[in-house]
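Just so it is clear, none of the values below were taken in a lab; they were calculated from the coordinates. Because the structure is a prediction, the values reported are computed rather than measured. Here Cβ is always computed from backbone atoms with ideal geometry, including for glycine, and neighbour counts include all displayed protein chains.
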Ligand code: PHE
């Protein structure tokens, strides 16, 4: 017999003749009420309007003055109760009336767009939670799986990273290994060990971020030359990609943080010809077979002789244009034969070994490769710019 049927009968007709029977009967009513309440709350509603309708229907079913379950219980069970049972029925009825305040469920019901119910019901059959046997939506799931999905776009490698990987790939094929070092570096590795004297302008406060008098943000990747020599000795074939820092005001071609790749080859009979050959091969691999390289004398304290490498302009092919300032050449890196004192500082005997080194700016390579005229664009994290480089 359902609750609805039971409330139409008197206690005598139901065979409830003692206090224990009254307790049991009201317990049954209370649990039916609680079940209906929690079912409705966890079911949710498709709209505000439906929510109001459903919660009103629940209240009316139980609390309506005319024909509400409680008023029927009042009429059929309490009013007609035998004298000796009346106090029990009265107490239970009052308790029930108090608990019926919980039927005010509207605020607890979640508005869940249509379509969810089916999907979640299917899902709940896999769970062992209490909601599974009830077969109702759990309130914890606020999304509507029937709406078009929120597509989270796949990211891509930053253009500077892409070029860095391309360059790494070329040198890896030549048998070089990738090495790294700290961005916060000692003055010793950044300058002294590289033969850069105290008086050198690059040690000036204006170029270098000093952390304290003995520590800097590395101004180039060259300190890793020394670290690698100490760590591995000779022979040594490495490239060193990484971030560097200089006290430059940001403009179209300068950024206080930028990227370099250092190259270092040390072996028993390394000559300048090896350096030229390697860098010419590298430039052709990266920019195409028609690219030519040009070496001009330069100066670095840690290489002797030192050179400046230019490639034939990749935009005009060497004829002269705005980008190469009509010269037909674009300077792309510094290089040279490792200074004997630098080898010594790294624990390598310059009588036995010789080596070459180069250093290039990755950001500038990326600017050339993608024809970008402002280095700042790389570091502004503007998705409209960056997504142009997704593969
Ligand atoms: N470290 C130099 C710079 O940052 C580049 C360089 C590296 C030059 C290796 C020669 C050899 O300008």
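Restricting the calculation to alpha carbons of the chain gives Rg and Dmax of 40.6, 119 angstrom.
Oblate is the label for the range 252-296. Its Cα gyration tensor axes, ordered a ≥ b ≥ c, give a/c of at least 1.5 and b/c at or above a/b.
For the range 266-391, taking Cα atoms only, Rg and Dmax work out to 17.4, 55 Å respectively.
For the chain, what does -39500 (n - 2.57) per DSSP helix run (n ≥ 4), summed and divided by total residues, give at 222 nm, in deg cm²/dmol to the nearest 500?
Roughly -11000 deg cm²/dmol at 222 nm, from the helical runs in the chain.
Going from the residue with the fewest nearby Cβ atoms within 10 Å to the one with the most, 83, 285, 56 rank 83, 56, 285. Here the Kirkwood formula, the inverse mean of 1/r across different C-alpha pairs, assigns the range 142-289 a hydrodynamic radius of 18.0 Å.
Ranked by the mean number of other Cβ atoms within 10 Å per residue, highest first, peptides 292-305, 220-233 order as 220-233, 292-305.
Above 21 angstrom, tally the Cα pairs of the range 159-389 and express them as a % of all pairs, no decimals. That tail contains 57 percent of the Cα-Cα pairs.
Sorted into 10 angstrom bins from 0, the C-alpha pair distances of the range 3-111 split as 15, 44, 26, 12, 3 percent. For residue 215 and residue 319, the FRET efficiency from 1/(1 + (r/R0)^6), where r spans their Cβ atoms and R0 equals 45 Å, is about 0.40. The label-point distance for residue 57 and residue 84, in a model that sets each label 7 Å from Cα toward Cβ, rounds to 4.4 nm.
Would you please classify the overall shape of the range 211-321 from the alpha carbon gyration tensor, given that a ≥ b ≥ c denote the square roots of the eigenvalues, rounded means a/c under 1.5, and beyond that prolate means a/b larger than b/c while oblate covers the rest? It comes out oblate by the Cα gyration axes. Seen through its C-alpha gyration tensor, with square-root eigenvalues sorted a ≥ b ≥ c, the range 270-331 comes out oblate because a/c lies at 1.5 or above while a/b is not bigger than b/c. The label point for residue 108 and the one for residue 369, both projected 7 Å from the Cα toward the Cβ, are 6.1 nm apart. Could you give the angle, 0 to 90 degrees to the nearest 10, between helix 272-287's Cα long axis and the longest principal axis of the Cα atoms of the chain? That helix lies at roughly 40 degrees to the long axis. Each Cα pair under 8 Å and six or more residues apart adds its sequence gap; the mean of these over the residue count of the range 159-389 is a relative contact order of 22 percent. Normalising the average separation of contacting C-alpha pairs (under 8 angstrom, six or more residues apart) by the number of residues puts the relative contact order of the range 3-111 at 41 percent.
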